[in-house]
Amino acid sequence: MLQPDLIKLFESDAEAIEYAAGDVVFQQGDTGHVMYVVVSGQVELTLNDHHFDTVEAGNIFGELALIDAAHRSATATAVEPTRLVTVDKRRFTFMVQEHPFFALFVMGVLAKRIRKIDQLTAAA
């Protein structure tokens, strides 16, 4: 989970996007240019229609979009009313410069997701 001081930066974001339960944030295969911070609510991540993670308030998803230009590797769906803030490369770079811990947090999330996907695909 993000540090409380970082969460506050996103909670006050005027450009946050509201999603209703069941709304798809993005589909596996879509082109992605931003990652998302969950300000409130929950988002389910699925790979080939198999659940592999639930992202709660204070966490992120879609982080691979900031690293490469490949298509989305999973589908993200709001589980309940959810408020998200987008982070593009410019904002990510600013966050890393101002809060170096943010980069370590994103790398940790990325590593955790890769391990979960490895487990899912090994079980299939």
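The values are calculated or read from the model by the stated rules, or taken from the named source; none is laboratory data. Quick caveat: nothing in here was measured; it's all calculated off a predicted structure. All Cβ positions, glycine included, derive from the backbone under ideal geometry; neighbour counts span all protein chains shown. We work out accessible area using only protein heavy atoms, side chains counted, and drop any ligands, DNA or RNA first. Shrake-Rupley method; radii C 1.70, N 1.55, O 1.52, S 1.80 Å.
In this Cβ point-charge picture (+1 for Lys and Arg, -1 for Asp and Glu), the range 23-70 has a dipole of about 100 debye about its Cα centre. Here the calculated FRET efficiency for Phe101 and Ser40, from their Cβ-Cβ distance with R0 = 22 Å, stands at 0.50, rounded to the nearest 0.05. Taking 27 Å as the straight-line reach from the Cα of Lys8, the lysines in range (excluding those fewer than 8 positions away in the same chain) are Lys89, Lys112.
Straightening the chain between Phe52 and Asp5 buys 14.1 nm, computed as 0.36 nm per residue apart minus the Cα-Cα spacing.
When only the Cβ of Lys, Arg, Asp and Glu is charged (+1, +1, -1, -1), the dipole of the chain relative to its Cα centre reaches about 360 debye. Find out how many positive minus negative residues lie around Ala14, taking Lys and Arg as positive, Asp and Glu as negative, among other residues whose Cβ is under 15 Å from that of Ala14. Residues near Ala14 contribute -1 overall.
On the chain, 55 percent of the accessible area sits on carbon and sulfur atoms, based on a 1.4 Å probe. Solvent-accessible surface of the chain, averaged per residue with a 1.4 angstrom probe and all protein chains in place: 55 square angstrom.
Against the main long axis of the alpha-carbon atoms of the chain, helix 89-98 sits at an angle near 50°. Using a probe of 1.4 Å, the accessible surface attributed to Thr86 totals some 50 Å² when neighbouring protein chains are kept in position. The angle between the Cα long axis of helix 100-123 and the main principal axis of the chain comes to about 10°, on a 0 to 90 degree scale. Summing charges over all other residues whose Cβ lies under 13 Å from the Cβ of Leu45, with Lys and Arg as +1 and Asp and Glu as -1, gives -1. No solvent, one uniform scatterer per C-alpha: report log10 I(q)/I(0) for the range 30-124 via the Debye equation at q = 0.20, 0.22 1/Å, two decimals. With one equal scatterer per Cα and no solvent, log10 I(q)/I(0) is -1.04, -1.23.
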